[in-house]
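The values are calculated or read from the model by the stated rules, or taken from the named source; none is laboratory data. These numbers come from a predicted model, not from an experiment. Neighbour counts are summed over all protein chains in view; Cβ atoms, including those assigned to glycine, are modelled from backbone coordinates with ideal geometry. Surface areas here come from the heavy atoms of the whole protein model, side chains and all, with no ligands, DNA or RNA. Shrake-Rupley method; radii C 1.70, N 1.55, O 1.52, S 1.80 Å.
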Amino acid sequence: MGSREIHLRVNGGERRVVIEDQTLLIELVRSLGLVGTKLSCDSQVCGACTVLLDGRPVSSCTTLAIEADDKPVVTIEGLADGAKLHPLQEAFIERFAFQCGYCTPGMIVSAKALLDAYPEPDVATVRHWMDGNICRCTGYQTIVEAVLDAAEQMRGAP
Amino acid sequence: MKQAHRVVGTPARRADGVAKVTGAARYAVDLSVPGMAYAAVVRSTRAHAKITGIDRTAAAASPGVIRVLIGDDLLAAGLTPYYGHVVLDHPVLAIERVRFHGEPVAVVVAETKREAAEAAELVDVSYEDLPAVIDADEALKPDAPVLHERRGERVGDEGMDEGEKGLVGNVCAIARVGWGNIDEALARAHLVVEGEYRYPMLYGYAMEPYNALAFFDQGDLVVFSTAQHVYMVRRDLARMFHLPLARVRVSAPYVGGGYGTKSYTKVEGMTAAAAFFTGRAVKLDLSVEEAMLTTRSASAHIRARSAFTKDGMLLARDFQIVMNNGAYTDNTPLVNSKTANRCFGPYRIPALRVIARSVFTNTVPSSSLRGFGAPQGNIAGELQMDEAAAKLGLDPVELRLRNLVGPGEEFMPGKRPLDADLKDDLRCLASALEWPGTRIGRSIGLGVSASDAGAYPTSTAAVRIHSDTSVTLFTGSTELGQGSRTVLAQIVAEELGVPLESVGVVNGDTGVVTYERTTGASRTTTITGRAVQEACRDARRRVRELAVQAFDLPTSEIEDTAGGIRARGRGFSYGEVIEKWFGAGGEVLGHGAVRRAEGFAKMPPFYEIGCTGLELSVDRETGQVHVTKLTTVGDVGFAINPALVHGQDAGAAMMGLGAALHEELIYEGGQLVNPNVVDYRVPRFSDIPDEMVHLLAERLDGSGPFGAKGAGEGAGNTVGSATASAIGRLLGIFPRELPATPERVWRLIREAERVRTRKTE
Ligand code: FES
Ligand code: FES
């Protein structure tokens, strides 16, 4: 079983870590104490484990940690600016866009990728983009509203 | 008229908001303790077999392995190797025999998760196959293989079924409800609608799979897990290890979804046993596939008859229900009796006969899931109202209005009279859906239900008022996402007259908080809420007592104010009274208890109302159903937090839609063929109805605080029947089996065409 050292860039911090080849990205981030990223389906269908790798949303349950070598990784813990929440996080609270909250980290990270790609999404775009994220609690409608609110908020912000 | 309130009745932000959007919220799966070992489960590869041998040598020699545990080890150590809150028949690990494919047979404990998983592959179990039975109707036949020749010990519960009477062969539970003379009513009916209906086996898919962390601390057992009912699990574990209740601590931090699926013991017994035999802290995290092999809901096969007069008045209803409850008892006696109580609907029925039987089969054990028998029974009960309306040429809403019971009317003899205005709810729903609908190619379906909810009304709560007038609430209710922490804090803030921000909530930990029977059956707001109110009143009483002594005041001169008392023209905050009495620091403790007495003397503690409808269209080429509108009426008495009620209604309705259109666990041979969320399809963003409307009906008619009553299940209960009814009204043939998958709908379309051609010929 091979192992190697990689250059890790998570949420703005940098460090070198030695990992086994088969280590998954979710195992790596959670082993760093970043347990906001959640595992559910373990087969790339639910989106609970979504993180941004090089700006793109990926399922960390099926991504090898070595793929993150020297690439920026953003997890849910990397979104707020200190105590100041990201507009998506504010909007999720305001719109009651979660209940148990287990899907929420992946949901918000996916939504961030959406707003990075489409700053002015309409309802159809949100529903389409977010289709890879399952939420069993909310019935989704409040999440769509939260994402649209956040988009508006971010466009309005200087 | 609503009274003026400060905090209740407002959509206060969730108490767990920031924690959940920043990833800071800790779930059981996130917990670890130093030196913790990991467990992996070895599962049966047979549906029904005798275990002839378990060879653990290779696994035990595998790197990192600490111990390989089997059921016999528990027996040898003198532990009680079975659990079950009604019948003690569920082995922690299989003993002598396996009864379903996927049943835990051994647990491997190792230093790392990977080592445990690798060693689990090396445990060699030999079996001698026994004949297996998968279908419930088959299991009822006299020559069917019997799963439990000797029944487990009955350890009680609420006695809502008939107990052990008549439980022969594979019958796990029987419930009967009835009155009047059925045969006579059927004989004089103008119309008898008759049919067979099927509701699927479902997997709740709470997104955090079952997991637990267990260790012994000075002989006390400590378990952190995904448990919904921490106190129920505590009892199972105490029995298993022969420990007093006081020496078992079960704690559920944030729980990643419950919906009933995390009620009762799941992985806690296995994990605690692993900790017991290794002396280590042990963590067991199941995968979703394994969670699907742990609990499901019971499927139902219902034969139903409903008899009507020419004017659509119900004369009689007759239901024969067979439910497939899987390999062990779990919560079946309750689910079974609830199905019997909930199938016929809140109608005036002169003659009724319901017989519900749940049957053991060699499948995953079933337990609670949102609605708890109501969606199962509803598919027959409500759909027959629509079928009758079609046959009698009556409007289905009008037909229901003619038969519905009114507020205060009893519809189950001896039970609580209806605490809701269902006729008004239904009119609201119909008008919101623009009933009867005129849009070409679209069709509306709707339904009502009244569930005997709340479970047994035992609840306690405690509040501590601190010397700065802030308050901590202690409650045994778990936070599953429903927002109990928020709602209960609102009740405290209202009762004590303190700001919501100054109320902290500690919950779901039997080592810390007060007793709570369960967190389910939509009971927290209503029943726990009342206990919380009582605790607040008790705390206020104590503050007054302290004030009498501290300020040397006569009791008669003290008045309660927001956040304190008033006496001799001067106000004192709680904190001032406390500090004055103690001299320095101090606090006041209030305790509240609710039992089956006074407002809750009559069962059920309240009815949970379902009043949901939808509009849909059908693609005639593919059979695909598209939901254009979904409307719920939340008849909750009083919405303590309207946003949270909407959340419950939306979530329940959407879950109901999953069962109506897609979800079904499928067995082939002795094996589940879709134990993953790729093949078991739950609703996604692309399934959101084009329009969702959530209405509230607040008539202050609930038995809970401020006139509130429970929500969380009702909105989903009628979705299945409403979907079938809408499809039926569109195609001319009613689907009687759910889910209405494209294939099934496509077949109905072809069948409808054939019927039409035959008619024109
Ligand atoms: S856990 Fe990775 S997609 Fe579901
Ligand atoms: S909030 Fe529970 S799964 Fe989305």
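Averaged over peptide B:688-696, how many Cβ atoms belonging to another chain are found within 10 Å of each residue's Cβ? Please list the in-between numbers first.
Values: counts 7, 3, 1, 1, 4, 0, 2, 0, 0.
Across B:688-696, the average partner-chain Cβ count within 10 Å equals 2.
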Largest-first principal axis extents, alpha carbons of the range B:335-493, Å: 69, 44, 36
Rank B:A493, B:T519, B:S556 by how far each Cα sits towards the positive end of the charge dipole of the range B:456-600 (+1 on Lys, Arg Cβ; -1 on Asp, Glu Cβ) and give me just the farthest. B:T519
Report the Cα centroid-to-centroid distance between the range B:380-400 and the range A:101-146 in angstrom, as an integer. 40 Å
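Take peptides B:90-102, B:684-696 and line them up by average Cβ neighbours within 10 Å, highest first, as a rough protection proxy.
Details: B:90-102: 22.3, B:684-696: 17.5.
Those peptides, ordered most packed to least, come out B:90-102, B:684-696.
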For q values of 0.11, 0.18, 0.23 Å⁻¹, compute log₁₀ I(q)/I(0) with the Debye formula on a Cα-only model of the range B:586-714, without solvent. -0.58, -1.01, -1.28
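Cα-Cα over 23 Å: which of B:K50/B:K165; B:K262/B:K338; B:K391/B:K759; A:K38/A:K112? Could you put the intermediate results ahead of the total?
Details: B:K50/B:K165 28 Å; B:K262/B:K338 18 Å; B:K391/B:K759 16 Å; A:K38/A:K112 17 Å.
Table pairs above 23 Å Cα-Cα are B:K50/B:K165.
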Given the options A:G139, A:G12, A:G82, which has the most mean-square fluctuation in a GNM of chain A, springs set between C-alpha atoms less than 10 angstrom apart? A:G82
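Roughly what % of Cα-Cα distances in chain B sit above 39 Å, to the whole percent?
Values: 110337 of 289180 pairs.
Result for the distance tail: 38 percent.
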Cα gyration tensor category, rounded, prolate or oblate, for chain A with a/c compared to 1.5: prolate
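Got the relative contact order for the range A:2-158 handy, in percent, Cα pairs under 8 Å and 6 or more residues apart?
Numbers: 277 pairs, mean separation 36.8, N = 157.
Once normalised by length, the contact order is 23 percent.
Taking the Cα centre of the protein assembly as shown as origin and charging only Cβ (+1 Lys, Arg; -1 Asp, Glu), how large is the dipole, in debye to the nearest 20?
Working: 98 positive and 114 negative charges, 335 e Å.
In debye, rounded to 20, the protein assembly as shown gives about 1620.
At a threshold of 8 angstrom on Cα-Cα distance, excluding pairs fewer than six apart, so keeping six or more, what relative contact order does the range B:456-600 reach in percent?
Working: 292 pairs, mean separation 52.4, N = 145.
Answer for the range B:456-600 is 36 percent.
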Fraction of beta bridges assigned by DSSP in chain B that are antiparallel (%, nearest 5): 75 percent
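Assigning unit charges at the beta carbon (Lys, Arg +1; Asp, Glu -1) and nothing else, what dipole magnitude in debye, to the nearest 20, does the range B:532-591 show about its Cα centre?
120 debye
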For the range B:456-600, using Cα atoms only, the Rg and Dmax in Å read 15.5, 47
Can you say what percent of the DSSP beta bridges in the protein assembly as shown, counting only those with both residues inside, are antiparallel? Round to 5. 80 percent
Place a +1 charge on the Cβ of each Lys and Arg in chain B and a -1 charge on the Cβ of each Asp and Glu, then give the dipole magnitude about the Cα centre in debye, rounded to the nearest 20. 1060 debye
The protein assembly as shown shape via C-alpha gyration tensor axes, a/c threshold 1.5: rounded
I'd like to check one number: the per residue accessible area of the protein assembly as shown, probe 1.4 Å, reported in Å² as a whole number. 35 Å²
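Report relative contact order for chain B in percent, whole number only (criteria: Cα-Cα under 8 Å, sequence separation at least 6).
Taking the mean separation of contacting Cα pairs over the length of chain B, I get 15 percent.
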Alpha carbon centre of the range B:11-49 versus the range B:168-201: separation in Å? 42 Å
Selection from B:G634, B:T294, B:M240, by position along the positive dipole direction of chain B (Cβ): B:G634
